[in-house]
Structures are given as structure tokens and as C-alpha cells.
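Beneath this line is the structure, given in C-alpha cells, with notes to follow.
Values quoted throughout were computed directly from the atomic coordinates according to the rules given, and no laboratory measurement underlies them. No experiment lies behind these values; they were computed from the predicted model shown. Note that each Cβ is placed from the backbone with ideal geometry, even for glycine, and that neighbours are counted across all protein chains shown.
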Amino acid sequence: MLALTSATGKLGSAVLDAILKNSLISPEELVVCTSSDPTDSRFDAFRNNGVTVRYNNFDEPESLEKAFSGCDRLFLVSTPRISMDYNDAPLWKGREAHHRAAIDAARKVGVKHIYYTSLAFANPSKAGVMRAHIRTEAYLQTLKDVQWTVIREGLYNESWPLYFGYYYGLKQETRNEVVVAGDGPISWTSIADMAFGTAKILSSSPSEWAGRTVYLSQNNTWTLKQIASIVSKARGQEVELKIVSRKEYEDHYVKEHGMERPAVEWWSSTYDAVRDGECEIHDKTLENFLQEAGKKATPLEQTIEKMLS
């Protein structure tokens, strides 16, 4: 049995969809874990197809144990509660605290293999967004009673607005100049493509991926400057990229756009990592999966044009 956390989130739901659409794992072998009411009618389609739906909450260890009970594998999607990481959260006070709660609950009920979704940055990384991931990875690597696989998911095609000026708007956007704190090559990858690759790993023999860290990204890259050109073309007017220091970037989005300073400071270090080339990935795993299935990676241009249309 495979337990899947965050199965209603962007990545989690896409992975579950890829598993079911491609018949990679029998529905009877899947346990969808949700912090919502598992009896809600939106889960009827899962139940009708034989998928088990259970409640879990990272703040309630007992619920995690009940959710994972009877499962031998766990797909652990990192928690989205990013505010836990703000202000340089010390060890076990950031999001890694939720991840450890899930890992320990899984070990307690006999889960033998944990697949953890990290991000496609370097290790060590300059990006604050990686701190909780790296801490979680390090914890998994100390364990002797459970096998693990770290899946470093590529930066989502669909997340380009976050990197392009801290939540660049879509149809309502009026900015013709976007302020960032650095630029560099990024191996952008669509959620659907990553989900397919992740589903392939989850459906393979656990021993094939045990003790491995794998990057699921396409190997083509686009810079933020190139994104500015794509956006300019899609909008029919010039959108320029302005690169400033991290301090100028933080002050700009706090003072000019009303963003919370802890959030902006946490995020701004991402540009140091991008500038250093941390997000330029050279791992053929995902492209090989797609090629075997007769698919090609989704170009970033296609995603941006669709989102702006």
C-alpha cells in the first residue's frame, strides 16, 4: 500500500492523476491522505474507484499514524506552510518539523520506504526555500530502519510569476518593469511532466530508487530575461527586467507592493542561488521517462502563453 500526502495540492493531485490515468498502481493499493474531511463528496470519485481516503494533519501525530497504518510506502510532499521557515527558523522549528512528524509516524507504523519531494536546487544551497528540504533530507539519511528516495522536483513552469518579480500578475498586471535580485539559467519543468516522472518512480521497484537523490527536470533552461521577452510578446508591449541588490529588492516589494518583510527576506535569497546556476539541472531521468512514453517536455513558452491568454 502506498500512502500519498497532499494529494489535493498542485503536485500531489497531479501525481495521483498520473498514477491513475496511466494505470501505474492499482487504485486499491493507494491511500490518499488529506487534512480535509475525508468523507467530503469531492473524494467520492476516488472511493468509487477503490482508493482509500484518510484524514491526516501534520500537527496531530496520531492522525498521521492512523493515515499511514497498513502502508509499506509513503509519498511525502513537503508542507506548504512556508511561514514556519521565516526569520531563519532554527532546526526543527521550520517546515522540517512537519516532515519529521510524518517520517516518524510512518516508521512507527511500519512503513519501509519514504519518497520525499524536495526542490531542484544545489546542496548546499544559498536559497532559504531549500533550508527545510535539506534538513529533511539529512534526517532521512541518518535513518537505519527505513529506505528513502529524495525526488528533487524541478521549478514549476507554472511558478514563473513567483520568480518573475514576486508574484507577477497575469491578466490584471500593469507593470512594464519587473524588479528581481538576480538572474541565471533555470530548468523550468511543467507540473504534469514532473508528476508523470514521479508516478513512474513510485510505481517502480522500491529497491531501484532506494538511497538515491534524483532530479526531475527537463534539461533546457530559460533565464528571467528570456521570460521578460516571452511575456512582452504575449502582452504585446515591452516588459523589462531590472536587476537590483537583495536589499533593494526587499525594500521595493515591502514598500511599493505591501509584501510582508519576513516573507520577502526569506524569498530573496532564491536569486543568489539562481545567479550561481543552482537551478540548471543536468539529469536525464525525467526526459528519459517522457521519451519512453512517447512524450516531450512542455516548453516554458507554452505555459506562459497559456497563463497569459
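Structure notes:
- Projected-area mean, the range 163-294, by convex hull of Cα positions, square nanometres: 10.1
- Space enclosed by the convex hull of the alpha-carbon atoms of the range 88-153, per residue, Å³: 76
- Where only C-alpha atoms are counted, convex hull volume of the range 216-309 per residue in Å³: 129
- Volume per residue of the C-alpha convex hull in the range 26-89, rounded to whole Å³: 105
- Here the gap between Asn48 and Arg175, fully extended at 0.36 nm per residue and compared with their Cα-Cα distance, gives a gain of 41.0 nm.
- Residue order, fewest to most surrounding Cβ atoms within 10 angstrom, among Phe75, Phe164: Phe164, Phe75
- Rg ratio for the range 265-309: its Cα radius of gyration over 2.2 N^0.38 Å, N being its residue count, equals 1.59.
- Reachable aspartates and glutamates from Lys171, criterion Cα separation under 13 angstrom, eight or more residues apart if same chain: Glu305
- Counting only whole DSSP H helices of the chain, the ones at least 15 Å long by C-alpha along their axis and with mean Kyte-Doolittle hydropathy no lower than 0.5 are 10-21, 191-203.
- The charge dipole of the chain, taken about the Cα centre with unit charges on the Cβ atoms of Lys, Arg (+1) and Asp, Glu (-1), comes to about 260 debye, rounded to the nearest 20.
- Kirkwood hydrodynamic radius (C-alpha pairs) into Stokes-Einstein, the range 131-205, 4 °C and 1.567 mPa s, D in µm²/s: 83
- Ratio of Rg to Rh over the chain (Cα coordinates, Kirkwood Rh, two decimals): 0.97
- Stokes-Einstein D (µm²/s) once Rh is taken as the Kirkwood radius of the range 1-149 over alpha-carbon pairs, at 37 °C in 0.692 mPa s: 208
- Residue order, fewest to most surrounding Cβ atoms within 10 angstrom, among His99, His257: His257, His99
- Considering only the chain, percent of DSSP beta bridges that pair antiparallel, nearest 5: 5
- Of the cross-linked pairs Lys112/Lys306; Lys225/Lys255; Lys247/Lys295; Lys126/Lys295; Lys21/Lys66, those separated by over 31 Å at the C-alpha level are Lys112/Lys306; Lys247/Lys295; Lys126/Lys295.
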